[in-house]
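All remarks here apply to the structure that follows.
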Amino acid sequence: MGAGEHDGGSAVFDRGRLRARAQRAARPSRGRAALVDPRRIGLDDARELRRLPARGPDAEAGRDRRNAARALRARRRGRQGAGVQQRPDAGARARLPARPRGQHGRLRHRAQGEPRRPRTAVRLSGPRRRELPTAYAGHAGGRPAAGRLETRDPDEVATPGKDVLVHSELAPAPGSTTIDVALKIWRYDAETGEKELKRYEVEAPDWVTLLDVLDLIKDKQDGTLAYRKSCRMMICGSCGMRMDGAAVLACKTRMYDIAKSGHVPVISPMGNLPVRKDLVVDMDPFWSKIRAMKPWLDPGYEEPAEKERIVSQQQMNVIHKEALCIMCGCCVSECNSMESDPEFFGPAALAKGMRFVGDARDQADVARLNDYNAEHGIWDCTRCYFCNERCPKGVDPRDAIAKLGAESIKQGVDHDMGAKHAKWFVTSAKTTGWLRETELVPKTQGVVSAIKQTKFALGLARRGKVPPPVPPHVAARVDESRKLYNLVKEQGRDGALGIVQGEHALGRIEFAEQAGVKTSDPEVRPGVEPPHAEG
Ligand code: SF4
Ligand code: SF4
Ligand code: FES
């Protein structure tokens, strides 16, 4: 007897309404996939799953839905596999180690049936392994940091006690000679503000660099000495500091000649950056200026082009030097303009800017030039050339700034007073062969400013410091300067490319001189490759 036979009419009505409500709830909402199988939702699910008769007037047995549920699981698994799994099932290959898997597994390159070769050796051979300890034995300053240094404050320059001294492996190789090296190092504690010039003396192999000597001092004499280093081979740019007041890379500076001369150099932190401790400076101002240059390529499109873009060697030559920068900050340390104006972009950042302005793939050069021509930009450089002199990688940041200036004028970005000044130099040289200084102020700063400075200008004229404006002084061979101007224009040598070509021409002349060819020889002409050195 079915249970429904004893139900009254109102009870049947209520169950019907409940069933309809349950079916409505199970219906998927429009536009979104159902999260659960609607066929498995209902008031009588539990009864049907147990294959009991449904409660109701029909008194029918529940439908077996196991097949439908299985079909649903299979379909969902298949769709997810196609959408999510990017690779075929690894299968038996998964049991092999990663490297031989490609050679012996299902993704092998050989045809089916080709005989297998022995697996590639993952380890070094015995003889090769024996070479390694010899090659690394006694390498400079091999301080075993991990496990030997005590864990201290998380601060990157925290070396609070002598108990961090560790054993040094910087030992002279058998048969090598040693030198006695003395240094005076400016010690500085930012917390107390105490400053002290301390002298250190160490015995070291004759090939040591300044960085090796600092390692020896830190390892053997004073573990609290703080300085930065990483690569030890002039790549990372970490170890910039001053020796006798001039910025150097410590890992590039050999100590042999200095020690032999008896000189005791003074080591101090880099200039123009706040000192954190001893020889460690805060590089945040440096990096914020680099970021302000937008140091990334802007190719001018969102989607990559269908064909790759080939950049010629000549185009890459324009930024060859700028691309060598390792961000050591040595140029910033010595920049005179930054000393008087800490907001000046500085040589490193502007060299980075030129690296992108000169890149043939970048399409934002005019926008960049406008940024670099702003206040504290390229025209605030005093042209002292200290940055060129101190750069350890030959980037020549001052030359990069000159290229930015030339490119700005070529592209018509000449609103800054510095650009107007440079343009008047060219105009004056072209028209008279001389610099007409009396016209420089009105042409650069404007007539109002010139009138305000009349008294000063008359004083200069009285003392013979400036020539009278009339009649204009014209050079006897002014036609030569005009020819030069026209040649540059005709050959398109204005802008950054002209400066690069000038650098290369100078390089060729120097090369010819070294090869014993006089630069007055007819072979050495502009644009003509001089004869190369013999042998
Ligand atoms: S040449 Fe210019 S950028 Fe270079 S150090 Fe001198 S002022 Fe600074
Ligand atoms: S331009 Fe030279 S000195 Fe300046 S950060 Fe780059 S590598 Fe260092
Ligand atoms: S340690 Fe990397 S440049 Fe000197």
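The values are calculated or read from the model by the stated rules, or taken from the named source; none is laboratory data. Remember, predicted model here, so these are calculated numbers, not experimental data. Virtual Cβ from ideal backbone geometry, glycine too; neighbours counted across all protein chains shown. The protein model used for the area step is the full one, side chains on, heavy atoms only, and it has no ligands, DNA or RNA in it. Shrake-Rupley method; radii C 1.70, N 1.55, O 1.52, S 1.80 Å.
Each peptide among 177-188, 370-381 gets the average number of other Cβ atoms lying within 10 Å of its residues, and from highest to lowest they stand as 370-381, 177-188. Look at where the Cα atoms of the stretch 347-416 and of the stretch 439-502 average out, and the two centres are 23 Å apart.
Per residue, how many Å² of accessible area does the stretch 320-363 show with a 1.4 Å probe?
Values: 1390 Å² over 44 residues.
Value returned for the stretch 320-363: 32 Å² of accessible area per residue.
Counting protein heavy atoms only, the stretch 170-281 has 50 percent of its accessible area on carbon and sulfur, 1.4 angstrom probe.
Simple rule: put +1 on each Lys or Arg Cβ and -1 on each Asp or Glu Cβ in the stretch 170-281, find the dipole, and look at Tyr188, Thr177, Pro269; the Cα lying farthest toward the positive end is Pro269. For the stretch 371-413, the solvent-accessible area of protein heavy atoms averages 41 Å² per residue (probe radius 1.4 Å; ligands and nucleic acids excluded).
From the Cα trace of the stretch 170-281, what convex hull volume per residue do you get, rounded to a whole Å³?
Value for the stretch 170-281: 99 Å³ per residue.
On a per residue basis, the stretch 170-281 carries 45 Å² of accessible surface, using protein heavy atoms and a 1.4 Å probe.
In the stretch 170-281, taking the dipole from charged Cβ atoms about the Cα centre, the farthest positive-side position among Pro205, Leu216, Ala250 is held by Ala250. Return the long-range amide H neighbours of Arg276 (sequence gap of 5 or more, or a different chain), with a cut-off of under 5 Å between placed amide H atoms. Amide H neighbours of Arg276: Val281, Asp282.
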